[in-house]
Amino acid sequence: MILDSKIVTFIKQHKIKFVVTIILLAWFLLSLPSPLFKVPYSAVLHDRNHELLAAQIATDGQWRFPQSDSVPYKFRTCLLAFEDEYFYKHPGINPVSLYKSFVSNLKTSGTRRGGSTLTMQVARMSRGNQSRNYYQKMVEMLMALRIELSYSKKSILNLYCSNAPFGGNVVGLAAASWRYFGRAPEKLSWSEAAVLAVLPNAPSLIYPGKNQIKLLEKRNRLLLKLKDNKIIDSSTYVLAVLEPLPQKPYPIPQLAPHLLAHCVQTNKTNSAYESNIDKSIQLRVNELLNRHVRDLAPNQIYNACALVVETQTGKVVAYVGNSFSEKNEHDNYVDIIQAPRSTGSILKPFLYAFMLHENKILPASLLQDIPLRLGSYGPKNFNLTYDGLVPAHQAIARSLNVPAVKLLQEYSAAKFHQRLKQLGFTTFTKATTHYGLSLILGGGEAKLAEIAAAYSAMGRALYYYSNSRDRYMPGSYRPLTYLQTKETEKKGLILKSDLLNAGAIYYTFNAMTELLRPQDYTGWGRFLSKTKIAWKTGTSFGFRDAWAVGLNPKYTVAVWVGNADGEGRPDLTGTGAAAPLMFAIFNTLGRERWFKRPDNDLERIKVCLQSGYKASDICDQTAFREYPRGAEKTKNCPYHRLVHLDASGKYRVNSECYPVTNMQHKAWFVPSPVEEYFYKQHHLDYKPLPPYLEGCANELSHRQMEIVYPRDGFSIYVPVVESGEQSRCILKATHKNPNATLFWHLD
């Protein structure tokens, strides 16, 4: 109790001193802001090997890269030799250096030496480089002591190297290394490291391009000191002093500026982003894309973008958001990879895959390809011709519009709309009625990133099924991965696909390999010896968007070509403008084996060779085929019918005019009159139904006649010619009997 009373008495007697001491102690403990540097940083993008791809200048106009977690050996050695030899021994201040500085300053008319340690310089920089005087020096000393208590020596060195001024608008070692030498700090020579080590000492007076002689003298003195301290040998010293000084800043690399902008926009912060980009692939794709756009420029096509994705992982290894233009003459800063554009035919394989998956068709099932009118909607094939009937896989390979619309009509536009969302498309936000059946022909918009993600996801699902004992990887259908993430433990494989089964995907890819390569691609002949590719093109209405996407088990490549402002151009098609670039990119990616056949997801069924459907009891030409599991559920061949012929086989008969015992009963391929009209133009081996034997009444068990043009629902506008009279129009009809007489009735 006596001791406590003495303490209280002491406090009362020295009240003011005690309060001041408490305030100073509190200030000392709480003096450091958190974080120590509250400055804007540049956004920086690195590739998978930490190579610089692109950077954006900070909002205050400075090239200031985010803080590094290490300092390269050469620069650290040069810096400590020049600025603070006892950095690892002092507690933040160096009394000897301060004393020498004080004595030197007394002997001169101006301040010549500062005596500051690196820690004191960190304190000064964190306070905005206040004017130099003894009061500020005392504040810096106290802050330096406080910094040493809060940070490790390594962290203090990192703080200095990340925030030291290097002249002009360059702050920090990383930015300085790229601006003055065009390479990363880890790759600097001893001479280059020495130049950067001396720059922060007087960055406003000495930097590359200004006061070169003084800069050279400082660098050489430092190199001599390193030699005298036996840090470098004599030959290294001689070679180092012979190296020239940098004369002007290098431009910061901009190999993937659109991806960097996307990362900043997505994450809402400027940071150092570690991407999955492979710099060597990125460089090749950049070169190929810009060369391709230069070739298309005479047709006033100025923009293109491309993605290269690892099929098995979904990681993006090349991202070129637009062609390069130094003056941004054609909206070249726009990232078209993330811009919604009309899809054209690029979605057709997805519909085909879902139809196979749900056992609604077989790969060779004949689809109707005739003039079509659905209300006010009248889709036409790109070449304005029709086949009458065409196998489903050929309809995909040839990208025929009418069969695709008929497929969507059968599948349901609403269901397909929902499936596209499950595939990862986010742009189909309106009601299904807004798109209607035009959804399959470009009635909606999609992003190249999501198109590439959906195709690579299908490839990933098939790859893991065929290489993982017939199991699917859960979550195969996911967005692309641009940035490196920590590898998490893979989830267990599952028996059932989360969207498409392996058999449906395999046969979809097979159909996509049947496309004819563009003849105007100069390397297409050489490419035939390269890897097998499943690919698809698309062209939007008005020739505004040209698409091409292709994949194999290793890579997925997606390309868009057109004008960023949406202007259409003649001959801007997926096959002519986008596919050559896609093949050129694939040509640089090397060989890769094709997907393994998913045998356990296939089943053997009997099919009709002529119609491609599951064989009915009367189909005469049949074979067994292995198709996606569940194929047995598909409908029987609807085209073969049993017809009755006379003994010669040349005429049709019936029981009323011909003895049944003398009849031949034969299965016959019987399309509708309109289907037959177009089908026989492309199939010289087609045999129409024989005529009836004279005296036998015609059976009307199936349609004999159809109008070819105009189809039901068509509206025809007959123009008036110069004479004032109405012009004429040509109507077409077909009949099973070529000798039949047709009578036309208006209304």
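The values are calculated or read from the model by the stated rules, or taken from the named source; none is laboratory data. As the structure is a prediction and not an experimental result, all values here were calculated from the model. Cβ sites come from the backbone with ideal geometry, for glycine too, and all protein chains shown count toward neighbours. We work out accessible area using only protein heavy atoms, side chains counted, and drop any ligands, DNA or RNA first. Shrake-Rupley method; radii C 1.70, N 1.55, O 1.52, S 1.80 Å.
Assorted remarks:
- Annotation note: of Y302, Y319, Y333, Y273, the sole residue that is farther than 30 Å from A392 by Cβ and under 16 Å from the mean Cα position of the chain (by Cα) is Y319.
- Subset of the range 633-657 (residues that are within 29 Å of Y506 (Cβ to Cβ), open to solvent by less than 20 Å² (accessible area, probe 1.4 Å) and part of a loop (DSSP other than H, G, I, E, B)): T634, C637
For every residue, the table says whether it meets (1) among the polar types (S, T, N, Q); (2) more than 30 Å from I361 (Cβ to Cβ).
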| position | (1), (2) |
| --- | --- |
| L642 | no, no |
| A647 | no, yes |
| K650 | no, yes |
| N662 | yes, yes |
| H665 | no, no |
| W668 | no, no |
| V674 | no, no |
| L684 | no, no |
| E694 | no, yes |
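- For the residues L389, L420, the requirement of being part of a strand (DSSP E or B), touching a residue at least 60 places away in the same chain (Cβ under 8 Å) and closer than 20 Å to L356 by Cβ singles out L389.
- Unmet requirement for I252, which otherwise passes all of (1) open to solvent by 30 Å² or more (accessible area, probe 1.4 Å); (2) part of a loop (DSSP other than H, G, I, E, B); (3) under 30 Å from G168 (Cα atoms): (1)
- Residues in the range 36-88 that are outside any loop (DSSP other than H, G, I, E, B) and under 30 Å from K315 (Cα atoms): A43, V44, L45, H46, L52, L53, A54, A55, Q56, W63, R64.
- Residues (open to solvent by less than 20 Å² (accessible area, probe 1.4 Å) and over 20 Å from K532 (Cβ atoms)) located in the range 567-594: L572, A577
- Between V264, V238, the distinction of being over 25 Å from G562 (Cα atoms), open to solvent by 50 Å² or more (accessible area, probe 1.4 Å) and either part of a helix (DSSP H, G or I) or among the aromatic types (F, W, Y) (or both) belongs to V238 only.
Okay, residues lined up against (1) under 14 Å from the mean Cα position of the chain (by Cα); (2) surrounded by 19 or more Cβ atoms within 10 Å (Cβ to Cβ); (3) under 22 Å from N587 (Cβ atoms):
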| site | (1), (2), (3) |
| --- | --- |
| Q247 | no, no, no |
| K279 | no, yes, yes |
| L283 | no, no, yes |
| E287 | no, no, yes |
| R291 | no, no, yes |
| Q312 | no, no, yes |
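- Test: residue in the range 613-632 that is in contact (Cβ under 8 Å) with a residue 60 or more places away in the chain, closer than 21 Å to Y692 by Cα, outside any helix (DSSP H, G or I) and hydroxyl-bearing (S, T, Y): no
- Scanning the range 423-448 for residues that are part of a helix (DSSP H, G or I) and either closer than 23 Å to L480 by Cα or of a type in the set (A, V, I, L, M) (or both) yields L423, L437, L439, I440, L441, L448.
- Any hit, the range 449-459, residues being within 20 Å of the chain's Cα centre (by Cα), open to solvent by 40 Å² or more (accessible area, probe 1.4 Å), modelled with pLDDT of 95 or more and more than 16 Å from K536 (Cβ to Cβ): no
- Filtered residues of the range 370-384 (kept if farther than 14 Å from K348 by Cβ and touching a residue at least 12 places away in the same chain (Cβ under 8 Å)): I370, P371, L372, R373, L374, G375, Y377, G378, K380
- First in the range 284-303 and in contact (Cβ under 8 Å) with a residue 12 or more places away in the chain, second anywhere and acidic (D, E), Cβ under 8 Å, 6 or more apart: N299/D571; Q300/E567; Y302/E329; N303/D331
- Apart from one condition, T531 fits all of (1) part of a loop (DSSP other than H, G, I, E, B); (2) open to solvent by 20 Å² or more (accessible area, probe 1.4 Å); (3) modelled with pLDDT under 90; the exception is (2).
- Applying the condition of being open to solvent by 30 Å² or more (accessible area, probe 1.4 Å) and in contact with a strand residue (DSSP E or B) (Cβ under 9 Å, 6 or more places away or on another chain) to the range 315-334 and asking which residue is nearest to V285 (Cα to Cα) yields K315.
- Scan the range 460-482 for residues that are open to solvent by 20 Å² or more (accessible area, probe 1.4 Å), over 14 Å from G424 (Cα atoms) and of a type outside the set (K, R) and the total you get is 9.
- Where helices (runs of 4 or more DSSP H) fall entirely within the range 112-218, those with at least 2 residues that are at pLDDT below 85 and open to solvent by less than 40 Å² (accessible area, probe 1.4 Å) are at 134-150.
- Identity of the residue in the range 348-370, of a type in the set (A, V, I, L, M) and touching a Gly at 6+ places or on another chain (Cβ under 8 Å), that ends up farthest from L420 (Cα to Cα): I370
- Unique match (being open to solvent by 20 Å² or more (accessible area, probe 1.4 Å), modelled with pLDDT of 85 or more and among the small types (G, A, S)) among G542, G503: G542
- Count of the range 545-566 residues which are part of a strand (DSSP E or B) and open to solvent by less than 10 Å² (accessible area, probe 1.4 Å): 14
- Residue in the range 685-700 that is open to solvent by 30 Å² or more (accessible area, probe 1.4 Å), more than 59 Å from the chain's Cα centre (by Cα), of a type in the set (A, V, I, L, M, F, W, C) and modelled with pLDDT under 90 present: yes
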